[in-house]
Amino acid sequence: MAMRLSHPLRPSSLPQFQFRPKSLSTCKFSIQNRISNSDNSRKLVMEVKEKLEKDQHSLPVGRNGRDDEDMILWFLKDRKFSVEDAVAKLTKAIKWRQEFGVSKLHEESVRIVAGTGKAYVHDFLDVNDRPVLIVVASKHFPAFDVFYYYYPRRLGQVLFVEAPFVFKPIWQLVKPLVKSYASLARFCSMETVRKEYFTEETFPASFRD
């Protein structure tokens, strides 16, 4: 099984518009539209931030806390800019980070997990220049819903490589939990992974056996 991660976080307010004006009026409209969207995003971020401060004051602040505007924006995008939905999902995510002790993770703890062979980050990017996390399902069944609930918009695609037949019924039970993220999943063979996602030089050694 391989999980393809999306590009590292880039805290841009909105997707970039292509700026190819054909006339002065088009140019003005494009700039005004971009400014307007940016202003609206900023207002929604502040609305979420104020609501969290009022209703969830006990949550931590700072990086990955209730006042982290970059993280708030990511959750707003994930929830299609619904303030109520973003607040609910962000509150759950921050509480989970506290309970799981994410902020206390360090290089040594990650090295220990990697040593178990359950999962590791591949040394090479895929053909789309994205980092690759390989999870050995026989040693560790991945909690796919963690990405949906706590790390939205971080996955580019999830590949179930040479998954046994009995896994598919299990996946049917998991799919409703991850909702729209289920569309990122694909069952495929090692040969498909070799041809479509890597070059011969970057193909994972664990898939060559």
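The values are calculated or read from the model by the stated rules, or taken from the named source; none is laboratory data. Since we're looking at a predicted model, the values are computed, not measured. Side chains included, ligands, DNA and RNA excluded: accessible areas come from the protein's heavy atoms. Shrake-Rupley method; radii C 1.70, N 1.55, O 1.52, S 1.80 Å.
Key figures
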{"read-out": "Anchor residue 54: lysines whose Cα lies under 29 Å away (excluding residues fewer than 8 positions away in-chain)", "value": "43, 77, 80, 89, 92, 95, 104"}
{"read-out": "5 angstrom amide H check on residue 162, placed H, neighbours 5+ away", "value": "188, 189, 190"}
{"read-out": "Cα Rg over Rh - region 53-112, Kirkwood", "value": "1.04"}
{"read-out": "Prolate/oblate/rounded label for region 110-204 (Cα gyration tensor, a/c 1.5)", "value": "rounded"}
{"read-out": "For region 89-104 versus region 155-209, the gap between their alpha-carbon centres in whole angstrom", "value": "27"}
{"read-out": "Accessible heavy-atom area order of 71, 190, highest first, probe of 1.4 Å", "value": "190, 71"}
